[in-house]
């Protein structure tokens, strides 16, 4: 199973669900889809988002303070699936909220919500046996992160375990925007292609149309997170959906 990407490259965006609130998150996602986003990553806010930079950390803190829970994110996924049946929807979470719900219960709920797949940012492929079994049972796509420092044996394991697409990290460290696409990115994508025929999406530091064009030279999709979350942070809530829609349209143009 591979998610469909339209255009070269495809567009994946990350949203912290519940920031600024749940209804606006839904409206932002719909505007993003309508303006050319292929896959929405619905981020489950977490109180200790160690892999994220300050922009997404602040968004997560705001959403947690509002009381946003995993069940709320699943509810947004359900609404998006009903409204945009062909959109790609990935649930993006740290492992902790999923463990608290229970892996089997979570996978059942994710499938019922209409999610295509799941990315657990701190789930490593070497310890993913139970997770992969539950994902297969519920026909969900597990998406794994692949880093430039990963040896070939690990990239092979990631390629074999992934479904939907593989998320290549352009550089080490936390999330956040950068001035240019990291030089480590093309070699990493080339190495991954030895081990999978799935689309490869590149993220971490992608923030403008120039970056997206550069990514399209060697990868199948660009993942944009911090730039979107920062735009939402700086925009009046009632204008956020329109602002994100315009931003995505600009990437496509």
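Each value in this text was obtained by applying a stated rule to the coordinates, not by laboratory testing. None of the values given here were measured: they were computed from a predicted structure. Backbone-built Cβ (ideal geometry, glycine too); neighbour counts: all protein chains shown.
Using the average count of surrounding beta-carbon atoms within 10 Å as a protection proxy, the listed peptides 220-231, 114-125 rank, highest first, as 220-231, 114-125.
For the chain, the 222 nm mean residue ellipticity estimated from helices alone, with every DSSP H stretch of n ≥ 4 adding -39500 (n - 2.57) and the total spread over all residues, rounds to -13500 deg cm²/dmol.
Before anything else, pin down the relative contact order of the stretch 189-253: Cα pairs under 8 Å, at least 6 apart, normalised by residue count, whole percent. Could the numbers behind the result be given before it?
Numbers: 58 pairs, mean separation 19.5, N = 65.
Worked out over the stretch 189-253, it gives 30 percent.
Based on alpha carbons, the Rg and Dmax found for the chain are 16.4, 48 Å. In the chain, Cα pairs under 8 Å separated by at least six residues give a relative contact order of 24 percent.
For the peptides 99-111, 9-21, 83-95, the ranking by mean Cβ contacts within 10 Å, running from highest to lowest, is 9-21, 83-95, 99-111.
On a full-extension model of 0.36 nm per residue, what is the gain between residue 47 and residue 66, subtracting their alpha-carbon distance, rounded to one decimal in nm?
Values: separation 19, 0.36 × 19 = 6.84 nm, distance 1.19 nm.
Between residue 47 and residue 66, full extension yields an extra 5.7 nm.
Available extension along the chain between residue 152 and residue 190 is 12.6 nm, counting 0.36 nm per residue and deducting the alpha carbon span.
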